[in-house]
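The next block holds one structure in the form of C-alpha cells; read it before the comments.
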C-alpha cells in the first residue's frame, strides 16, 4: 500500500541484497524499488528516503545508492525535486520514431490522453512557417497550440500550423481526437515527414504549463509533414517533458548481408 503521508520510503527494512551475486548492488537496489513502484506499494508522489540514510542503513556507499536513484530517474520512475527530495512519478511514455499522433500513442499505451486547447486561430504565416509549408506571401494558416496530457499529467506542449484551405477544426474536435485522425477524416492523408529532434531548456511559460522547474531539459521536435504527392500539409513545433517522454528507433546496417562478429 502507498506510504503514509509525509513519511519517506526506506527500502532498508525489506530489501535483501546478494553481495555475492554478479549483479551490481546498485542494480539490485534499483530493481527492488522499481518493483515496489510497479506493484503499487509506492504511489505517485511518495518520497524516497535520502541517499545518505539509505546507504548508511544498507551498508552501501553513497555512489552505489546514487547510481540506483539515477537508474530510476532515467526510467522516468522518480524525479529529483529541489527542497522535496526524490519522489515517485510514473514511467516515461516511450514512442517509436514513426509518423503517428501522440494522442494515439498515449491511447495505445493505456495512458488515457486528454487535450487542453490554448489557441485555435487563423494567423499570418511567419517566414519559417511559410518556407516549411511552401506558401505564398501573405497566406494564412491555422495555428493550434495544445497541451497534451497522459493520465491527467502534462506530457507535451504542441504548436501546429496548417494551411487554412485544408481543414477547419473546433476545440471540441481537438480535445477528443488526434490531429492526424482529424486530417484523415477531412481527406488529408499524412504520408511522410521530415523531422528534427533536439533539446532545450524550458522557458518560464513552458515550465508553468508542463509542471517542471524553469530551465529543465525538454525534448524538442520540429516536423514538416507531407501527403503522398509531396504537398506539405503541416508544420509542427513540439516540446516534451524529458522526464516523462522518450523516443526509440530501430537502426540497421546499410550493408545487406553483413555479419557482426
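Only the coordinates and a few stated rules stand behind these numbers; no lab work does. All of these numbers come straight from a predicted model, not from anything done at the bench. Here the Cβ positions follow ideal geometry from the backbone for every residue, glycine too, while neighbour counts run over all protein chains shown.
Once the Cβ-Cβ distance of residue 171 and residue 134 is raised to the sixth power relative to R0 = 25 Å, the FRET efficiency obtained is 0.35. With contacts taken as Cα pairs under 8 Å and at least 6 residues apart, the range 11-88 reaches a relative contact order of 34 percent.
How much length is gained if the chain between residue 126 and residue 31 is pulled fully straight, taking 0.36 nm per residue apart and subtracting their Cα-Cα distance, in nm to one decimal?
29.3 nm
Note on residue 21/residue 81: beta-carbon distance plugged into 1/(1 + (r/R0)^6) with R0 of 41 Å gives a FRET efficiency of 0.80.
Counted by neighbouring Cβ atoms within 10 Å, the residues 197, 87, 33, 233 run from fewest to most as 197, 87, 233, 33. Footprinting exposure proxy ranking of 177, 229, fewest other C-beta atoms within 10 angstrom first, gives 229, 177.
Here the simple spin-label model places points 7 Å from the Cα toward Cβ, and for residue 14 and residue 43 these points are separated by 1.4 nm.
Extension gain, residue 191-residue 52: 0.36 nm per intervening residue step, less the Cα-Cα distance, totals 44.8 nm. Sorting 9, 143, 240 by the number of Cβ atoms found within 10 Å of their own Cβ, with the fewest placed first, yields 143, 9, 240.
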